[in-house]
Each structure stands twice: as C-alpha cells, then as structure tokens.
Amino acid sequence: MELLELLVLLLLFGHSTADAAMLKITFWIEPVQRPEFDADMAVVLKELGAMPLDLKVDDVSMTLTRTEDGQDMQRFCEILSTVGTNVVIDLTYKHWSEGYGLVRSLGIPYVRLERILRPFLDMFGDFMRQKRANNVAMVFINARDMSEAMQQMLSGYPFRTIIMDASASDPGQNFVERIRALRPSPTYVALFARGAAMNGLFEKVQKAGLFQRSLEWHFVFLDTRDRVFKYKRQAELCTRFTLSPRAICRSMSMPDLYCGSGFTMQRGMLLNVMRSLIETAQAIRPDVVYQDCNATDSDLSAEKEDPVSEADTTWLDYVHWSNFLTYASPVQQLLDKTQIPVPGLSYAVNISAGYYSSEHEAKTDLAAWSSSGSRMRLLNETISPARRFFRIGTAESVPWSYLRRNPKTGELVRDRSGSPIWEGYCIDFIVRLAQKLNFEYAIVAPEVGHMGEVNEFGEWDGVVGDLVRGETDFAIAALKMYSEREEVVDFLPPYFEQTGISIAIRKPVRRTSLFKFMTVLRVEVWLSIVAALVGTAIMIWFMDKYSPYSSKNNRAAYPYACRDFTLRESFWFALTSFTPQGGGEAPKAISGRMLVAAYWLFVVLMLATFTANLAAFLTVERMQTPVQSLEQLARQSRINYTVVKDSDTHQYFVNMKFAEDTLYRMWKELALNASKDFKKFRIWDYPIKEQYGHILLAINSSQPVVDAREGFANVDAHENADYAFIHDSAEIKYEITRNCNLTEVGEVFAEQPYAVAVQQGSHLGDELSYAILELQKDRFFEELKAKYWNQSNLRNCPLSEDQEGITLESLGGVFIATLFGLILAMMTLGMEVLYYKRKTNKLEPPITLVRPVDGNDGNEGGGDTSSTGPPSAVATMKQAWHIPPAEQMKQVKISPPPSFESATFRGKKMPDKVTLGDGKFKPRQGLYSRRNLGGTTDSQMGYME
C-alpha cells in the first residue's frame, strides 16, 4: 500500500515537473481555418524553438463543428482531463458560449483573436464609404477569407456587396462568370489576395475581358509582397492597398527580412501572442488546469459573474503584448443579438491606398488607414468616386440606333476591340446623357426579340424583357409607350414627342417620250384629222375647178391676179390653215368659201381641243399620285403593301382587326337579341367600316418582310409605284431624306411617343427624368432631329417634272419634226437645183433678137407686134395667177380688186384722221406685166387713190 502511494506521488511529481517546463495552449478554430492554421503553427513553433526561451509550447487545436449532440464539449473535456491547458486561444468567427462558460467557471485564461482580415475589411469599408459606393463585388483567394468576409458582412457593410471565392471550382461558382452575370453590374470590384496569388487572379480577369474600366478595380494585398505583382502597367490607375514590411517588422521587434517572403499576418499574430504568453509564463509559472467533466456536468453551462480566480487574472494582467498587437473593439453581429461581444486581440497595422501611374513611374498615395482608432486619413482633399457604369438596352432601328456597316459590302464595321459600332439618334442621346450625368455605359442588344413582346406565359423578350430581368439598367431605343409595357417597366418623359405609322411608296417613273405631245389624242383622232385635211383639200380643188363662179372659170369677173387652186395649192391651203397666219387667199366661189368656213371652224375647234388637252394632260400627269390615304390603299387592288413581320406596325393591324371582329360580334348579338328596341337596329349596313381585316389579309398575302431594309428595297425596286411599305413614320421620313426615289403618302396615324424606360421603382428614374427635361430646354432634341431628318439632303435630288417644268424629253419631237422639215427642205433644194441644171442643158442654144433701129417702141397699137422670136416669159410660164387680155377687160364688167380700206379694215369704220386718197381709179402696170420685145405693153391694171 505504501509502495502504491509512493508511485502515485512520483508520477504526480514528474507530471508537475514536466508541466512546469511546458506551456500548454488549446486553440479553438473553425473548419475552414484548419489548412492554413496547421501550416502557420508549424512555422511558428519552429521559430519559437529557435528563440532563447525556457518554456516549450504544447499546443492542442480543436475544430469546432457546432453540432447539437455536444461533440465539441465532449472533445474539450477530453483535452482538459487528459492533457490539461494553461490558456485557451479562440480563433473562431462565432462565439462559443458553452465552451466560454466552462473556461470562465474553471478560471482558465482566455484570449480571443480577431479575424485576420478584419483590419483590411474595415479599411475597405471606410474607403468605399468615401467613394459613395453602391454595389461592390469582393473576391477572396480561399474559403477562409470568404468566411471572414461573411462574418464581417453580418456586422453590417455600408454598401451592398456580393462575396465570392476564387478557389471554388463547382459549376456556376466561377467568380469570373459570376461577375459577368451580375445584374446590375457592380460599381466596384475588389480582389483580396497575397502578392503571388494576385497575379493569378488578375490573369483570369484579364483573360475573361472583364478588366475594362480601371477605376472600378481595387487590389487589396494581404501581405507585404505587393512588389511581386507584375501587372502594374496593365492595372494602371487601379487602387491598390499595401502594407509596409519595415513598419510591421519594427512593431514585432523582428528583422526586416522576416516580413518578406512567406510572411502572413496570421503567422505574425500567432508568433507575437505565443511569445508574449511564454515570456510572462516563464516568470509566473502558471498551473496547468485539469478537469474531469463528469464531476462538473452540472456546471458545464453555468456562468458566474466573476468566475476567474485572482491568481489567473494576475498572470494574464502581467502579459506584455508587443506593439504589433492591440485590442480591437467588439462588434455585435446583426443576426445574433444574444451573443455577448468579447474583446479580442488584433494586430496594429497601417494600410496605404494609392494607384500606380506610368506617367510618373511611381505610386500616388490617396489615403492612409490606421487600425488604432480605425480611421481613414485622406492624403488628397477628396477621393473621387469612379464614374458609374450602366448597361443600356437598345435594339437596331433606323435611324434611332443601328450598327455601322460598310456602304459597299454591307459588312459590320468594328472598333479595335472587335465590338460593333452603334450609331443613330438614340446613341447620340446616350452620349450626351453620359456626359451630363457623368457615367460610363455599355450598349446591350437583346438576344431574343426586338423591342419587346409578351408570350402566353407572361414572359417578355426584347428590350423590355432585358429590362424586366435586370440585364440592363435602363433602355433608350425606339420604344413606344404601350399600356401593357407600363405594367412591367416605368416610362420617363418622352424624348420624341409624336411618331406614328405612315405609308412609303416609290415616286412613279414617268415614261418619257420625244413625241409625248402626240399622246394627247388617240391614233384614230390623228387619222381623222389627216383624213379631214385630205378630204378638204380635194373638195377645194374640185369646187374651184367645176364651180362657174370660181376665179378660174370666171376670169372676167376677177381681172386681177387670183390664186389658182390646183390640187397642190389646195393641199397647201388646207395644211397652212392650221397655222396662226392662216392659209392665205380663199376661193372666190361661194361654195368654196362655205367649205373653207366649215373647215376653219373645224381647225379652230381642233386646235383649242388639242391645246386644252395638252395642258391638262401635262398638269394632271405631274400631280397624279397612286393613293392618298390608308383608306384608298385598302380599297384598291393594284398596289401591294406589307409591313415588317412581328413589328409594332404589324401588331397594330392585328389588334385593329381583333377590335373590328369584337365590335361586329357585339353589335350582332345586340341587334339579334334586341326585344324592345329592335326597330332601332333595323339597318341595311353595318355602321362601322371593316377595313383592317382586308388590310391584314392583303399584308399576309404580300408576305411581311424581315426588316425595314428589305421593305424599302422592295419599294425602290417597283418603278411603277405598285408597291407600298407601311412602317414607322419617323423611319420613313429618314429614308426619304436618303433615297430620292421614295415619297410619303397620306397622313400619319396611330401616333405615340418614344420614351426612356427604367425598371419599376428604379432610383434612376428621377435623375434621368430631370436630365431629359433639361435637354429639352436646351433644344438638344431639336438639334438631333435636324441632324437625322436633314431636309437639305433633298436638294441633291434631281428635280421632278412638277418642279422643273416640261422637259425636253417630253417635247423633243417638236424639235425633231422641225429639224426633219429643215433637212427635207434642204434635200428638196438640192433636187430642184439638179433638176433645173439638167433641164437647162437640154434646151437649144439661145437666139439673139435683133430689132430695127427705126422701130417705134412707144407706138400704141402700131408696129408689128408679131415677132419671129420666141414668146415672152409671161406667155410661156405656167401661171398660178391668171391675167385676162385687154380686149376681154373692155367688153366685160370689171370687178376691181379690193381697196386698201376694205382689205385693211374689213368693214370696220375708218378713223377720221386717216387719209387714203381721193377714191379715183387709176391704171397701172399689172403684177406680171412685161414689155414685149415688139414694143407693145401688157394689159393695164389700176388702183384706187
């Protein structure tokens, strides 16, 4: 018995002797801390072993699972009963109240270490508050750092944030894809990593094409090795948060090289805490606490108000923490109000914020943050926030927003980054709005649909669908304000007051003809005129030849030279009667004159008819348009018309047909079921015009086009103006300024405004509305309208016939006829000259007439009037004007020629002041009187004086 007691005493003495040279530390850690904790503890223990310390460290780490079956408490009790402990160091994120109560009840010293990233997260929160950030994405290198950030988020961030783990490899957890898919896009992105790991993160970001706006990116280096970051130039102007290795090592009383390669903040913190505890324990030699949990089951969860013994409290109070360590203020978590915040140790550090500039080849400091007091000291007066970034939805619609294309090949023109280039009214509006509100943007086109339609499941596509799903922040496009769209999005004040639907048609190509004036009368009318001319000429010749009172058959009554109406002269008279100067001398016989009078009446009427019809024909042809309104287009069948498939215009006609059908059905039911007032419905015709059903049927038969470009091309291809395109009026007006062949007919109908759309309840609504109203006040939208609907472009178009008058192509036949007459006259002249020379050469040589010297030329009636010479020229030529002989003139009553008075005034009263002579008849030489070679004179004629 005595031997047994001796052995127990020896064991206890050896155990106490071993405990006196050993400091037993128990660590509470989280599961996510295990990998890095084990690595850092191995290094720390190695470093402590190299130090001149009397006590050795015996550490036990315990991972808290926080299950309800009490496994954590059972594991801690086993440690207390078998190993014992001098102090408990708590590295967990969430306070373990059961274990903490047991520690306090047993008087075990308790040290809580704050989260390693808390200084960095506090600093980043203050910096984001200075930048007035809204949406921030925070990317961490591993799960432990992300868990610490989650705990920080439970204490409250001053901004909306999303936390990501860059090491996650599960599907859908890739941080690059998640950032790209974030809606709304984050205002800022922060990468938390050590120096070497930061290179890998940035390479992934840059490869994915996310790094576009450098001011939005922040690089938080969690160690002192920020110099190993090799993408300084690529990440220019990005904010970088760095530590000073020299300042940290001096606060730890360590050489500067210690804070270089391989140094982590957790390793430094563990080293300083354990070194401070060892130095104090060497002097105090605290006892190891053992506890059998079976004897203290009733006290496991009990908490005393002051359970810590005086001795234990004293040796903890003697612990001198290094300058590297400091107490952090406890933080109450928002989601767990029952937990008692316990002060914890953290590390004192100064973090500087700045950016790298390639211009100066140096870092520019913006602010400095110190953990002592957790305050931010601005090195500049202010920290300017980065320009906001918005995703703006739009869809291709000319001239509002469209992609730039090569005018020759039609291929898309891209910028240096390979993205297509947008142009148009809305794009200029976006640029001006971005300048006014100071934001950056990306234009997002819908993948499915156009402006936005809802399907049978209530899902929207197009621009409206992207806005509803949050793919875009707001939409600026050719978006009309419909009631069904207002149920899912909010519309702002219109930027384009009224637009609607109109009809585009090609200007008809006038069929030009050199003999267009001939088309005024039909061919049968021209043939009838020619027949009348020929018939009249023949009748004039016939009457002048056989009438006894004609000048030809009654030469005695007409002693003066009169016109001999041969067949040739008759035709010439009939033809020249169509000219303003008339046909000349008319026949003398009454029958001939009656015929000429009737013919002249015919000529006057035909000339008046031709002139009137020619003027009307040319005027009406220039004023003629195929249709003037939608109703006329619906009533005719010659012109085909169509719309863009599934467009707003197409949907308009579908809705109008549905309204017509519904109204007709309601009217039919009302008329057939009327019992009292059935007489009021007794009508023959349906009171509402049914035209939209016919229009929609014609549109479907003409096959709706895919886009507006195809519709305008089809209109331009139909030169006969037998194809119309019903589309947005603003787009039609724009196309007319670019294509001189198109024109707009009818009035604009179904007018509606264009407006900017935002998400329902969006905070951007008021800001954008105010900006739009200011732009309206500055007449900015009027400038855009003048730019894209530039009427001055029409000046480059060739003038139409109604603007330039009758063209040469229309009346060129008149000049051709004149030229043909000139050519024919010249040919006739040549023939006459040749004929005359040939006839002259066939005549005998000329005979010279010799007259006696003593011949009496002036003997009246005397002398030999006969001659052996040839007859005179008057006697031999074929006369068109006959001259009666002198003997016949003496025997027959002479009909004098018309006097000058009657020829000039034609029965009108002669003015008193005009004197025409004394009225006496005096003889004179005839028109064709010639002196004969024999000396006799020709027949005498007279004149009135």
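The values are calculated or read from the model by the stated rules, or taken from the named source; none is laboratory data. Remember, predicted model here, so these are calculated numbers, not experimental data. What goes into the accessible areas is simple: the full protein's heavy atoms, side chains included, and nothing from ligands, DNA or RNA. Shrake-Rupley method; radii C 1.70, N 1.55, O 1.52, S 1.80 Å.
Of note:
- J(HN,Hα) series, the stretch 733-748, from Karplus relation 6.51 cos²θ - 1.76 cosθ + 1.60, nearest Hz, glycine and proline x: 4, 5, 5, 5, 5, 9, 10, 6, 7, 9, 8, 9, 10, x, 9, 6
- Note on Phe390: accessible area approximately 20 square angstrom, rounded to 10, probe 1.4 Å, nucleic acids and ligands left out.
- Cross-link check: pairs Lys507/Lys787; Lys207/Lys363; Lys507/Lys777; Lys207/Lys232; Lys436/Lys480; Lys408/Lys787 evaluated at a Cα-Cα cut-off of 27 Å; pairs beyond the cut-off: Lys507/Lys777.
- On the principal axes of its alpha carbon atoms, the stretch 641-743 extends 61, 25, 24 Å, with the longest extent given first.
- Accessible area of the stretch 641-743 belonging to carbon and sulfur atoms, whole % at 1.4 Å probe: 55
- Of the residues Arg233, Arg404, the one with the largest accessible area comes first in the ranking Arg233, Arg404, computed with a 1.4 Å probe on protein heavy atoms.
- Each residue of the stretch 365-373 is assigned a 3J(HN,Hα), and the resulting list reads 7, 9, 7, 10, 10, 10, 6, 6, x Hz, derived from the Karplus form 6.51 cos²θ - 1.76 cosθ + 1.60 (θ = phi - 60°), x at Gly and Pro.
- Whole-Hz Karplus values for the stretch 262-268 come out as x, 7, 10, 5, 5, 5, x Hz, taken residue by residue from phi with 6.51 cos²θ - 1.76 cosθ + 1.60 and θ = phi - 60°; glycine and proline positions read x.
- Among the protein heavy atoms of the stretch 31-189, carbon and sulfur supply 50% of the accessible surface, probe 1.4 Å, non-protein parts ignored.
- Residues with amide H under 5 Å from that of Gly344, placed H, sequence gap 5 or more: Ala328
- Amide H contacts under 5 Å for Phe390, placed H, 5+ residues apart: Glu440, Tyr441, Ala442
- For Phe780, the solvent-accessible surface with a 1.4 Å probe is about 20 Å², rounded to the nearest 10.
- Equivalent-ellipsoid semi-axes for the stretch 523-621 (Cα gyration tensor, √(5λ), whole Å, largest first): 32, 13, 10.
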